[in-house]
Amino acid sequence: MLSDRESRRALIATVAQAVIDHADELTALDQAIGDGDHGINMKRGAEAVLADLDSLADKTLPEGLKGIGMALVMKVGGASGPLYGTFLMSLGKALPEEGGAEDLVAAFDAALQAVMARGKSHPGQKTMLDVLAPALECLKADPRAPAALSAAAGAAAEATIPMQAERGRASFLGERSIGHMDPGARSSALIIDTVCKTLEATGEAAGT
Amino acid sequence: MSKENVGIVIVSHSSDVARGTADMVRQMVGDEVPLAWCGGDPDGGLGTSVETILGAIDQAWSQAGVAILVDLGGAETNSEMAIEMQPEERRSRIAICNAPIVEGAVMAATEASGGASLDIVRQTAEELSPG
């Protein structure tokens with residue numbers, strides 16, 4: 001899986017660029033129910049990743065994921081840094097170097113558990129977990145179906161709109177958080193969608 | 001400054017709040033506790049940064065441990081991350097206090113200045129929290 005440097009480099013660059021391109025949208029979502037910094041923070045993290053792109057691409061996939069996670073932890077500045085950082089570092093830690101699709105499912109599961117522990121949260125509280133948990137279920141059903149995964153993540157982000165926030169700054173709003181998409185759910189869906197589409201385009205997904 | 005006493009670290013989203021809280025601790029409690037503060041994201045905006053929290057923990061480090069006071073969500077999450085990145089022998093000697101940042105910092109520092117243990121310092125700060 002992503003065994004050559006150029007495909008890793010392209011994937012990292014594409015995902016980081018997608019986050020940067022959507023920074024304003026993420027910030028607008030966060031202004032509605034949070035503190036309005038999600039896009040700015042994620043963009044800062046993505047820029048830190050791009051600044052280190054060559055050395056991150058040099059690493060194996062598991063080591064690269066850990067490296068990206070650490071960059072996000074150190075540079076993002078909001079709660080999303082440790083949350084996304086924990087996800088990627090746990091994913092890298094759990095993924096064997098020569099892993100296949102089944103290893104990805106187990107690693108994704110481990111990473112999801114780590115984010116739940118870090119955020120002291122669980123699915124159903126209008127957070128990124130409401131995208132990551134359905135994404136795991138989709139991977140379990142078929143780990144080689146990027147189009148289905150991308151669609152499931154997008155639908156899961158939409159499904160946070162009618163939910164009431166129970167974690168993070170949005171929870172201060174109580175019922176007023178209903179009617180807005182959760183920014184963390186949106187950024188998670190965006191990243192999953194970009195990864196899936198990139199892998200699909202390069203044919204990587206079929207071989208994993 | 002005594003390095004025997006528990007150190008206090010103040011982590012706010014705002015460097016002004018963090019510095020102001022530290023000023024209050026210094027004036028009300030004095031110089032008997034190691035004290036450090038940090039606030040703001042890596043670009044100087046509102047937010048918190050693991051990197052600066054790590055630096056503040058180093059600055060306030062004491063053999064008796066360090067009590068951290070935080071304001072909102074991200075400050076706590078980033079502080080937890082910073083604790084996990086510490087050498088193992090330090091981790092159990094750092095505690096995040098579930099307390100209001102200003103009152104908690106003053107109460108924790110007052111307790112620490114008398115030589116109380118980290119557990120007692122934290123409990124004293126947390127008495128300020130409802131429930």
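Coordinate-derived values only; no laboratory data. This structure is a prediction, so every number in the text was calculated from the model and none was measured. Glycine also receives a Cβ, built like all others from the backbone with ideal geometry; neighbour counts cover every protein chain displayed.
For the reader, a short list of remarks on this structure follows.
- For the stretch B:68-100 and the stretch A:14-92, distance of Cα centres in Å: 21
- Residues in the stretch B:99-109 carry Karplus couplings, in order, of 8, x, 5, 6, 4, x, 5, 5, 5, 4, 5 Hz; the curve used is 6.51 cos²θ - 1.76 cosθ + 1.60 with θ = phi - 60°, and Gly or Pro positions show x.
- Computed extension length for A:A159-A:K59: 32.4 nm, one decimal, from 0.36 nm per residue of separation with the Cα-Cα distance subtracted.
- When A:S90, B:S62 are arranged by Cβ crowding within 10 Å, least crowded first, meaning fewest neighbours, the order is B:S62, A:S90.
- Qualifying GluC sites (Glu not before Pro) for the stretch A:153-208 [loop in DSSP, other Cβ within 10 Å: at most 15]: A:E166
- Annotated for the stretch A:5-202: lysine pairs at least 8 residues apart or interchain, Cα distance under 30 Å, count 29.
- Length-normalised contact order for chain A - Cα pairs under 8 Å, 6+ apart - percent: 21
- Cβ-based exposure ranking for B:I10, A:I68, B:I83, in which fewest neighbours within 10 Å come first: B:I83, A:I68, B:I10
- Per-residue Karplus couplings for the stretch A:14-29, computed as 6.51 cos²θ - 1.76 cosθ + 1.60 with θ equal to phi - 60°, are listed in order as 5, 5, 4, 5, 4, 4, 4, 5, 9, 4, 5, 5, 5, 5, 4, 4 Hz, Gly and Pro entered as x.
- Close amide H pairs (under 5 Å, H built 1.01 Å from N) link B:L72 with B:H13, residues at least 5 positions away or on another chain.
- For the stretch B:47-62, the Karplus equation 6.51 cos²θ - 1.76 cosθ + 1.60, evaluated at θ = phi - 60°, returns couplings of x, 10, 9, 4, 4, 6, 5, 4, x, 5, 4, 4, 5, 9, 4, 9 Hz by residue, with Gly and Pro reported as x.
- For A:V15, A:V105, order by how many other beta-carbon atoms lie within 10 Å, fewest first: A:V105, A:V15
- Once exposed loop trypsin sites (Lys or Arg not before Pro) are cut out (DSSP; at most 16 other Cβ, 10 Å), longest piece of chain A: A:145-208
- Applying a DSSP loop filter and a limit of 15 other Cβ atoms within 10 Å to the GluC sites (Glu not before Pro) in the stretch A:49-128 leaves A:E97, A:E98.
- Peptide-level mean, for B:36-46, of C-beta atoms on other protein chains within 10 Å: 3
- Amide hydrogen neighbours beyond the local backbone of B:W37, cut-off 5 Å, H modeled: B:I10
- Amide H contacts of B:I94 (H built 1.01 Å from N, under 5 Å, at least 5 apart or other chain): B:V66
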